[in-house]
1. Just to check your reading of the model, which residue among ASP189, ASP200, ASP230, ASP237 is surrounded by fewer than 18 Cβ atoms within 10 Å (Cβ to Cβ), assigned by TED's automatic domain parsing to the domain that holds ILE104, of a type in the set (D, E, K, R) and within 16 Å of the chain's Cα centre (by Cα)?
2. Based on what the data block shows, is LYS288 farther than 24 Å from THR115 by Cα, modelled with pLDDT under 95 and not aromatic (Phe, Trp, Tyr)?
3. Of ASP265, ASP286, which residue is of a type in the set (Asp, Glu) and buried (at least 20 other Cβ atoms within 10 Å of the Cβ)?
4. Find all pairs meeting these conditions: Cβ atoms under 8 angstrom apart; at least six residues apart or on different chains; first residue within the range 210-222 and within 9 Å of ASP189 (Cβ to Cβ); second residue among the acidic types (Asp, Glu).
5. For the range 256-267, check the following and say yes or no: at least one residue is more than 18 Å from the chain's Cα centre (by Cα) and not in a helix (DSSP H, G or I).
6. Residues that are at negative phi and either in the same structural domain as THR115 (by TED's automatic domain parsing) or in a helix (DSSP H, G or I) (or both): does the range 36-50 have at least one?
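The values are calculated or read from the model by the stated rules, or taken from the named source; none is laboratory data. Every value quoted in this text rests on a predicted model; they were computed, and no experiment measured them. Backbone-built Cβ (ideal geometry, glycine too); neighbour counts: all protein chains shown.
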Amino acid sequence: MMIDDLRTLAMRDWLENDLLLTINHCAVASSDASFRRYFRIKTPDGQFIIMDAPPDKEKLEPFIHVANLMAQSQLHVPAIFHQNIVDGFLLLEDLGSRCVLDEINSQNAGSIYQTACNSLLNLQTNTDLANSQLPVYDEALLQRELGIFEEWFLGQYLDIEIPATLWQNVRTLLIKSALEQPITCVHRDYHSRNLMVLDDNELGVIDFQDAVLGPITYDLVSLLRDCYVDWNVEQVDDWMTAYYQRLRQAELIDCELVQFKRWFDLMGMQRHLKAIGIFSRLNFRDNKPNYLNDIPRTLNYVTAQAAVYPELAEFSAFLNNIVLPLL
């Protein structure tokens with residue numbers, strides 16, 4: 001059954017009249033935190049995913065460019081079979097509906113994260129950064145992302161303000177740490193909802209269109225300190241240390257473990273503050289309240305790391321004395 005709004009009617013017209021596909025079945029496959037929607041269609045020639053990206057809200061060109069880039073880096077991203085840039089539709093390979101979040105447990109986590117780290121290392125070692133034509137994760141972007149936490153979580157959700165000097169110190173610390181790291185290709189949402197478990201135990205990678213050139217720990221902390229699933233601290237440290245050793249062997253970094261862990265921790269804090277702000281914005285602006293359920297876990301990462309570093313003692317006190325009681 002096809003949902004009969006104008007977008008899906010236009011999509012069906014493209015599939016049936018332009019591509020001459022016979023659609024036996026069509027259903028919503030998923031939506032995400034953007035304006036994109038995904039449909040799964042069954043045809044006599046196989047099963048496919050249709051991306052619906054309204055051109056006035058979502059551009060297809062970044063998705064197409066990054067898909068090609070990541071495929072060249074030996075990641076399993078959805079193949080693009082047909083594209084309709086004007087109307088905002090793509091016909092994609094179907095990577096299935098089994099994301100890591102739904103499949104992972106304490107017994108298989110080690111194997112799954114090993115495979116995920118293999119793909120991440122491919123991304124970081126095989127991408128031609130000089131010719132990637134990706135935007136840079138610069139100070140301006142980092143500042144804008146941290147501003148989402150202040151505006152949408154502190155302001156809109158909790159209706160409080162953070163002392164200006166305190167917030168400036170936090171932002172300065174996190175941005176300095178991010179910018180001093182080696183640069184690599186960054187997926188920006190490399191986590192359990194965007195990694196698909198395939199039949200051959202390989203992992204497919206989706207939702208990569210916002211990729212940038214940025215800090216080398218960003219995707220690793222997205223994966224290991226996931227906003228949607230968490231593991232004990234010792235296990236995360238073990239996984240992080242093992243990946244650090246692989247980066248050293250690949251000569252992508254030249255630093256001691258203590259420095260790498262500091263980058264990892266502070267990068268995680270920057271990402272998690274941004275994510276908390278985005279979860280709040282999705283609720284207030286986009287009417288997607290379910291994301292509020294992910295705030296406590298994500299905030300727990302922030303409070304845990306704020307307690308570790310003396311430079312963040314004042315921020316830790318603000319979180320524990322002001323923010324947490326309001327939640």
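1. ASP230
2. The answer is yes for LYS288.
3. From the options ASP265, ASP286, the qualifying one is ASP265.
4. These pairs meet every condition: ASP210/ASP189; SER222/ASP189.
5. Yes - at least one qualifying residue is present in the range 256-267.
6. No, that holds for no residue.
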